[in-house]
1. I need the fraction of alpha carbon pairs in the chain separated by more than 20 Å, rounded to a whole percent.
2. Cut-off under 24 Å on the C-alpha distance; same-chain residues fewer than 8 positions from residue 26 excluded. Which lysines are left, in chain and number order?
3. How much of the pair distance distribution for the stretch 49-111 lies past 19 Å, counting alpha-carbon pairs only, in percent?
4. Quick check of the Kirkwood formula: for the stretch 1-108, what is the inverse mean of 1/r over all pairs of different Cα atoms, in Å?
5. Send over the per residue convex hull volume for the stretch 1-53, Cα only, as a whole number of Å³.
6. Can you tell me how much longer the chain between residue 64 and residue 2 gets when fully stretched, taken as 0.36 nm per residue apart minus their C-alpha distance, in nm with one decimal?
7. If you stretched the chain out fully between residue 75 and residue 57, how much longer would it get, using 0.36 nm times the residue separation minus the C-alpha to C-alpha distance?
8. How do the peptides 110-119, 77-86, 19-28 rank, highest first, by the average count of neighbouring beta carbon atoms within 10 Å per residue?
Amino acid sequence: FLIPAITMRSFSEEKKQGTLELLLTKPITQWQLVLGKYLGALLLLVFALIPTLLYVFTIYQLGETPGNFDMGATLGSYLGLLFLGAVYTAIGVFSSTLSSNQIIAFIVAVFLCFLIYFGFDGLSSQNLFGSDIYALEYLGINFHYKSISRGVIDTRDIIYFFSIIYLFLACTKFNLNRSISWKLPQNN
């Protein structure tokens, strides 16, 4: 719920206030605008995660013998959490382009995050196609997040996360183009 709350006003407030057109007249490309909004929200997420490193330090020091815990799994969990947050941020920025209402953008972002995280696992466990195939499970974030959080950093998982981020950022740019093009006067 934190990430959709952070990103819900990134473009929806610009549409509501009428400042999106002003932003688009600046000497930046639409990709730079989308990436600026995305990276700003992602940086805020990273700042929210930094204080949790205190827990890692505390567990490291308070163990029976200091340093007696699996640091690889801990670092993998943090890396997986950063990738998960990056995907959710891209989904949230995309959702904010769908409506000029922040609450609608928040609800759509929460729904999409939930659907992509749990939806494919649910479909793969339903045995829809008559066999135990796990191909649908591979499409969900949960499968790739579990793999990284165990401490196993696989390039397939990293490529998956970057692909989902790129997909939602490209959809964000597409929605910006679409919302601007209908406002432009038509030359007949």
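Just so it is clear, none of the values below were taken in a lab; they were calculated from the coordinates. Computed from a predicted structure; not experimentally measured. Here the Cβ is made from the backbone with ideal geometry for all residues, glycine too, and neighbour counts use every protein chain on show.
1. It works out to 62 percent of all Cα pairs.
2. Within the straight-line cut-off, residue 26 pairs with 15, 16, 37, 173, 183.
3. That fraction is 52 percent.
4. Working: mean 1/r = 0.0637 Å⁻¹.
By the Kirkwood definition, the hydrodynamic radius is 15.7 Å.
5. Taking the convex hull of the Cα positions in the stretch 1-53, it is 76 Å³ per residue.
6. Taking 0.36 nm per residue and subtracting the Cα distance, the gain is 18.8 nm.
7. Details: separation 18, 0.36 × 18 = 6.48 nm, distance 1.23 nm.
Between residue 75 and residue 57, full extension yields 5.3 nm more.
8. By packing density, highest mean first, the sequence is 77-86, 110-119, 19-28.
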